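Worksheet: the structure to be examined is printed underneath.
Please treat every number below as a calculation from the coordinates, not as lab data. A quick note: this is a predicted structure, and the numbers were derived from the prediction, not measured. FYI the Cβ positions are ideal-geometry reconstructions off the backbone, even for glycines, and counts take in every protein chain you see.
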Amino acid sequence: MTEEEFHELYAHSVTRLVGQLYLMTGDLHEAQDVVQEAFVRAWGRRSRLVRDAGPEAWIRTVAWRLAVSRWRRGRRAAEAWRRHGAGLRDTAPAADASSVALVAALRTLSERQRRVAVLHYVCDLSVEQVAAETGISAGTVKTHLSRARAALAPHLAENLAENLTEEEHGV
């Protein structure tokens, strides 16, 4: 991949990838950081990134793995802080109500269900593509998608009802 092609890949996919990782992680700043780091790593191997091989999928996978590594480090750090009597501040990104509701609903899912649901419904990957990217079987992907839909339905229906009520009352 040439330098120009890489810049084009970045320009066309960075926003989409940040959005996808935001939905997977629930943290906009973390999503921005891991996507940026994944692009840095992709830059170093751009000669091996072939457009047909799915460089965007490679970057998304690397970003996801970076996020998981950071969570693990963060959990260990938080535990160390708790042992020593200090607390950590929670930060939340500013977002519109529907985005907040979607991220909150996605947080009710297991990590694997959330990732599979985002890859399938947000990234618009087929079941087979999700299976290839996550390393789990297509049947397991289908099971996670079914369970994710069932778990998300009440949360998203509740939010839709609240939004409709607010619109009726001019809120």
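Tell me, what HN-Hα J-couplings in whole Hz come from the Karplus equation 6.51 cos²θ - 1.76 cosθ + 1.60 at θ = phi - 60° for each residue of the range 54-71, using x for Gly and Pro?
Running phi through 6.51 cos²θ - 1.76 cosθ + 1.60 with θ = phi - 60° gives x, x, 5, 5, 4, 5, 4, 5, 5, 4, 4, 5, 4, 4, 4, 4, 5, 4 Hz.
Using a simple spin-label model with points 7 Å from Cα along the Cα→Cβ vector, what separation in nm is obtained for residue 2 and residue 138?
3.7
Using R₀ = 45 Å, calculate the FRET efficiency as 1/(1 + (r/R₀)^6) where r is the Cβ-Cβ separation of residue 45 and residue 156; round to 0.05. Each step should come with its number before you reach the end.
Numbers: r = 39 Å, r/R0 = 0.86.
The value I calculate is 0.70.
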